[in-house]
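Enquirer: Attaching a single structure in structure tokens format; questions to follow.
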Amino acid sequence: MYHEIDLRIDGKIAHITIDSPKTMNALTGVLLSELDSAIDEIEADESVVAVIVTGTGKAFIAGGDIGAMSKMAAEEAMAYSGKTTAVLCKMADSRKVYIAAINGFALGGGSELALACDLRIASGNAKFGFPEVTLGVLPGGGGTQRLPRLVGAGKAKELILTGAIITADEAHVIGLVNKVVPNDSLPGEALALAGQILKAGPLALGYAKDCIGKSGDLALSEGIAYERDKFGLCFSTEDRVEGMEAFIQKRAAVFKGL
């Protein structure tokens, strides 16, 4: 079914591996379509709670499809940007938790895909950057919007307006990634992080992610009111009953997402 990605669902964890070595995992039209289908498949599986996204070879995602973009008219470029952002918004807006396990180059669209994930773990040899301005364009996959929300406007301007490439350690310092690990430890660390997430109630995870997402759009008083409503909604769930009873009984909770 898929040619440029690999999708594997193992119980409550889904694994998406970008596997297009000839293009260093660039976001071609085919890859975007396959990624879109894989996300739909994952979203339709109610058992999946966490999703790990990684790449093969030297790249997580080396960037957009420059060869194809070099031939695009303005209308085609807008459609390509729209397709990219639509796929990434599915990840960002999902109730499931997406973890980017960044194994190598994450440039342009690669960094933008990582930004659309909820958590980012990078191997020591990973590189990040938004080199679009050096090609006469700007980030078209949400980079100008998500990056300043994560690292602040000043640092976002520095990265986007210079097109500079930074190391994994530099990305960690500015808050672009949550953690940097040795190259060979990346798969295990991502899996361990997903395992921690699986201990939580899936409905609570979704509501919490939703509230955090609203924090950039709402005034503080509105955000607090939105959080209050979601907090109350948790108390109408079976998971809340199970979670609190398990705590009182000093046992591990068994959540059902109900």
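Enquirer: Mind listing whichever residues of the range 127-162 are of a type in the set (D, E, K, R) and part of a helix (DSSP H, G or I)? It would help to see each step written out before you state the result.
Expert: Quick first cut of the range 127-162, residues of a type in the set (D, E, K, R) only: 127, 132, 146, 149, 155, 157-158.
Matches in the range 127-162: Glu132, Arg146, Arg149, Lys155, Lys157, Glu158.
Enquirer: Next question, about the same structure. Return the residues of the range 219-246 that are of a type in the set (A, V, I, L, M) and surrounded by 15 or more Cβ atoms within 10 Å (Cβ to Cβ); say none if nothing qualifies.
Expert: none
Enquirer: Considering the range 32-66 alone, what residues qualify as being on the phi > 0 side of the Ramachandran plot and crowded, with 21+ Cβ neighbours inside 10 Å? Walk me through it before giving the result.
Expert: Residues of the range 32-66 on the phi > 0 side of the Ramachandran plot: 57, 63.
Gly63 - this is the single residue of the range 32-66 that is on the phi > 0 side of the Ramachandran plot and crowded, with 21+ Cβ neighbours inside 10 Å.
Enquirer: Among the residues of the range 90-109, is there at least one that is surrounded by fewer than 18 Cβ atoms within 10 Å (Cβ to Cβ), part of a helix (DSSP H, G or I) and of a type outside the set (Gly, Ala, Ser)?
Expert: Yes, that holds for at least one residue.
Enquirer: Now a separate question. How many residues does the range 115-168 hold that are touching a Pro at 6+ places or on another chain (Cβ under 8 Å), surrounded by fewer than 20 Cβ atoms within 10 Å (Cβ to Cβ) and under 26 Å from Ser185 (Cα atoms)?
Expert: Residues that pass the stated criteria total 2.
Enquirer: Right, here's the next one. Which of the residues that make up the range 2-23 are assigned to a loop (DSSP other than H, G, I, E, B), surrounded by fewer than 16 Cβ atoms within 10 Å (Cβ to Cβ) and either basic (Lys, Arg) or on the phi > 0 side of the Ramachandran plot (or both)? Before you say what the answer is, go through the steps one by one.
Expert: Restricting attention to the range 2-23, the residues satisfying the condition of being assigned to a loop (DSSP other than H, G, I, E, B) are 2-4, 11-12, 19-20.
Right, trim to surrounded by fewer than 16 Cβ atoms within 10 Å (Cβ to Cβ) and you get 3, 11.
Of everything in the range 2-23, just one residue is assigned to a loop (DSSP other than H, G, I, E, B), surrounded by fewer than 16 Cβ atoms within 10 Å (Cβ to Cβ) and either basic (Lys, Arg) or on the phi > 0 side of the Ramachandran plot (or both), namely Gly11.
Enquirer: OK, next. Quick one: in the range 190-202, of everything that is surrounded by 18 or more Cβ atoms within 10 Å (Cβ to Cβ) and at pLDDT 95 or above, which residue is nearest to Thr56 (Cα to Cα)? Please lay out each step first, then the result.
Expert: Taking the range 190-202 and keeping what is surrounded by 18 or more Cβ atoms within 10 Å (Cβ to Cβ), we get 190, 193-194, 197, 201-202.
Right, trim to at pLDDT 95 or above and you get 190, 193-194, 197.
Working: Ala190: 15, Leu193: 20, Ala194: 20, Ile197: 24 Å.
By that ranking, first place goes to Ala190.
Per-residue answers, yes or no, for (1) over 17 Å from Leu150 (Cα atoms); (2) touching a residue at least 40 places away in the same chain (Cβ under 8 Å):
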{"residue": "Asp169", "(1), (2)": "no, yes"}
{"residue": "Asn178", "(1), (2)": "no, yes"}
{"residue": "Pro187", "(1), (2)": "yes, yes"}
{"residue": "Gly201", "(1), (2)": "yes, yes"}
{"residue": "Gly206", "(1), (2)": "yes, yes"}
{"residue": "Lys214", "(1), (2)": "no, no"}
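Enquirer: If we keep just the residues of the range 172-192 that are touching a Lys or Arg at 6+ places or on another chain (Cβ under 8 Å) and in a helix (DSSP H, G or I), which is nearest to Glu43 (Cα to Cα)?
Expert: Glu189
Enquirer: Here is a follow-up. What is the number of the single condition among (1) hydroxyl-bearing (Ser, Thr, Tyr); (2) in the same structural domain as Ala126 (by TED's automatic domain parsing); (3) touching a Leu at 6+ places or on another chain (Cβ under 8 Å) that Ser185 does not meet?
Expert: For Ser185, the exception is condition (3).
Enquirer: Considering only residues that are more than 18 Å from the chain's Cα centre (by Cα) and of a type in the set (Lys, Arg), which ones fall in the range 164-210?
Expert: Lys199
Enquirer: In the range 67-76, what residues are outside any loop (DSSP other than H, G, I, E, B), surrounded by fewer than 13 Cβ atoms within 10 Å (Cβ to Cβ) and aliphatic (A, V, I, L, M)?
Expert: Hit for the range 67-76 is Ala74, nothing else.
Okay, residues lined up against (1) modelled with pLDDT of 95 or more; (2) under 13 Å from the mean Cα position of the chain (by Cα); (3) over 20 Å from Gly216 (Cα atoms):
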{"residue": "Lys58", "(1), (2), (3)": "no, no, yes"}
{"residue": "Gly64", "(1), (2), (3)": "no, no, yes"}
{"residue": "Ala68", "(1), (2), (3)": "no, no, yes"}
{"residue": "Ile99", "(1), (2), (3)": "yes, yes, yes"}
{"residue": "Ala114", "(1), (2), (3)": "yes, yes, no"}
{"residue": "Cys117", "(1), (2), (3)": "yes, yes, no"}
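Enquirer: From the list Thr17, Thr28, Thr23, pick out the single residue that is under 14 Å from the mean Cα position of the chain (by Cα) and of a type in the set (Ser, Thr, Tyr).
Expert: Working: Thr28 fails: under 14 Å from the mean Cα position of the chain (by Cα); Thr23 fails: under 14 Å from the mean Cα position of the chain (by Cα).
Answer to the check: Thr17.
Enquirer: If I ask for residues that are under 14 Å from Cys117 (Cβ atoms) and in a helix (DSSP H, G or I), which ones from the range 39-53 would you list?
Expert: Selection gives Ile39, Ile42.
The values are calculated or read from the model by the stated rules, or taken from the named source; none is laboratory data. Since the model is a prediction, treat every value here as computed from it, not as a measurement. Reconstructed Cβ throughout: ideal geometry from the backbone, glycine too, with neighbour counts over all protein chains shown.
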